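The values are calculated or read from the model by the stated rules, or taken from the named source; none is laboratory data. These numbers come from a predicted model, not from an experiment. Cβ coordinates were reconstructed from backbone atoms using ideal geometry, including for glycine residues, and neighbour counts include every protein chain displayed. Side chains are part of the model used for accessible areas, which takes the heavy atoms of the whole protein and leaves out ligands, DNA and RNA. Shrake-Rupley method; radii C 1.70, N 1.55, O 1.52, S 1.80 Å.
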Amino acid sequence: MDIAPTLLEITGIAAPNQVDGVAQKPIEGVSLAYTFASSAGGFSAPSRHSTQYFEMLGVQGLYNNGWMYSAVPIRAPWELTGAAVADPATAFKFELFELKNDWTQFTDVSAQHPEKMAEMHDLMFGEFAKYQVLPLDASAATRFVAPRPSLAAGRTVFDYSGLKVSDIPEGNMPSLLNTTYTITAGIDVPDNASGMIINEGGRFYGWGLYLVKGAPIFTYNNQGLIRTRWQGPALSVGKHIIEFHFQYDGLGAATLAFNNVSGVGRGGTGTLKIDGKVVSTRKMENTVPLTKPLDTVFNIGAAAGTPVDDADYSIPFPFAGKIDKLTVVLDRPKLTPEDIRRLREAEARQGADK
């Protein structure tokens, strides 16, 4: 937050009040340019950034004029599957460090300075209110599936026809996480055709429906650890309908509303059909539950980034035939009244155990 105002100051560029007619918020940082003129390389200059809040997954802290007020984490940062902290504003124990005497934050002096503890607490929540941190969210995995603006939101049927699509980012593509789905491709192919029909992701997560020397293949790459593959016989020259259907075994992302991750990341059964005939059926034990690599993109008619299986193809792997029509249908799981009852009981037991 301090780098942008620093660059603006040293280049003599004023921060814009509007961009494309949209009013801009004030820059929430302090320029470092004043340190450049110090004879000691900046380290002897008194800091102009005297207060800085911290908040990450509900864990809180505040630096103010040489004091550090720090929440003690309730869970390790890598434990993403636990329940959300119910009331992060009051759930954490705090420590206090006087950095001028203890820059390593080794000695907690909270017991010796109760007035400073209260002062820092009030100042921290003042900063939270000022910088739109509230309400605090101490969930972990569930925050990754919180609704965001998206062209794909709420849709269950995606039709594509006659176009090559490349590098569509997450949020504007059909998401196959935690759901039953069917991919149907109407194609026209020459002899021994190869190439990508439809694909998301690559080497560290992804899936793809493609041809290798005429043979239709669907590959699901689970985080680079396990690749599950369905393959049929080589196609004859001409028009064909390829269908891949995956029947998801879990209750889906709706369980997250009950602080329960049991519905996500489950496996299922995939079936590959050619012109209505089943050519491959396989069980997949697990799927990616919530998050994907940040560079995951969606493609039709070619691939981008990295391959879902390096043994099969190299980028960009353009499709040698013609894609007449491509449809992706999502059938997201729906909780029954009995499912909801069990999830509520599990959530109540979880709360009672604390």
What net charge do the residues around Arg148 carry, taking every other residue with its C-beta under 15 Å from that of Arg148, with Lys and Arg at +1 and Asp and Glu at -1? +1
Starting from 0.36 nm per residue, how many nanometres of slack lie between Ala23 and Ala311 once their C-alpha separation is accounted for? 98.6 nm
Largest-first ellipsoid semi-axes for the range 178-317, taking √(5λ) over the Cα gyration tensor eigenvalues, angstrom: 27, 17, 11
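Find how much the distance from Leu225 to His49 grows on full extension, using 0.36 nm per residue of separation minus their present alpha carbon separation; answer in nm with one decimal.
Stretched out fully, the Leu225 to His49 stretch lengthens by 58.9 nm.
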What's the extension gain from Glu9 to Ser236 if we count 0.36 nm per residue and subtract their Cα-Cα distance? 75.1 nm
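Can you tell me the convex hull volume per residue for the chain, based on C-alpha atoms, in Å³ to the nearest whole number?
Details: hull volume 71.9 nm³, N = 354.
Hull volume over Cα atoms, normalised by residue count, gives 203 Å³.
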Normalising by the residue count of the chain, find the relative contact order in percent from Cα pairs under 8 Å and 6+ residues apart. 17
Accessible surface of the range 231-354 [probe 1.4 Å, protein heavy atoms]: carbon and sulfur percent: 54
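For the pair Ala33 and Lys93, what calculated FRET efficiency results from E = 1/(1 + (r/R0)^6), where r is the Cβ-Cβ distance and R0 = 41 Å, to the nearest 0.05?
Rounded to the nearest 0.05, the efficiency is 0.60.
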Summing +1 for each Lys or Arg and -1 for each Asp or Glu, what net charge is found among the other residues whose Cβ lies under 15 Å from the Cβ of Pro169? -2
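Using a probe radius of 1.4 Å on heavy atoms only, what accessible surface per residue do you get for the range 236-354? Whole Å² is fine.
Ligands and nucleic acids excluded, the figure is 52 Å² per residue.
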Heavy atoms only, 1.4 Å probe, whole protein assembly: order Leu163, Leu134, Leu62 by accessible area, highest first. Leu163, Leu134, Leu62
Could you give the semi-axes, largest first, of the ellipsoid that matches the range 259-323, computed as the square roots of 5 times the alpha carbon gyration tensor eigenvalues and rounded to whole Å? 26, 21, 11
How far apart, in nm, are the 7 Å Cα→Cβ label points at Ala76 and Val278? 4.3
For Gly305, what is the net charge nearby, where nearby means another residue's Cβ is under 9 Å from its Cβ and Lys, Arg count +1, Asp, Glu -1? -1
On average, how much accessible surface per residue is there in the range 114-176, in Å², for a 1.4 Å probe, leaving out ligands, DNA and RNA? 60
Above 20 angstrom, tally the Cα pairs of the range 26-139 and express them as a % of all pairs, no decimals. 50
Sites Thr336 and Thr269, calculated FRET efficiency, Cβ-Cβ separation with R0 22 Å, nearest 0.05: 0.60
Candidate residues Ile242, Ile226, Ile27: accessible-area rank, largest first, probe 1.4 Å: Ile226, Ile27, Ile242
Accessible heavy-atom area order of Trp78, Trp207, highest first, probe of 1.4 Å: Trp78, Trp207
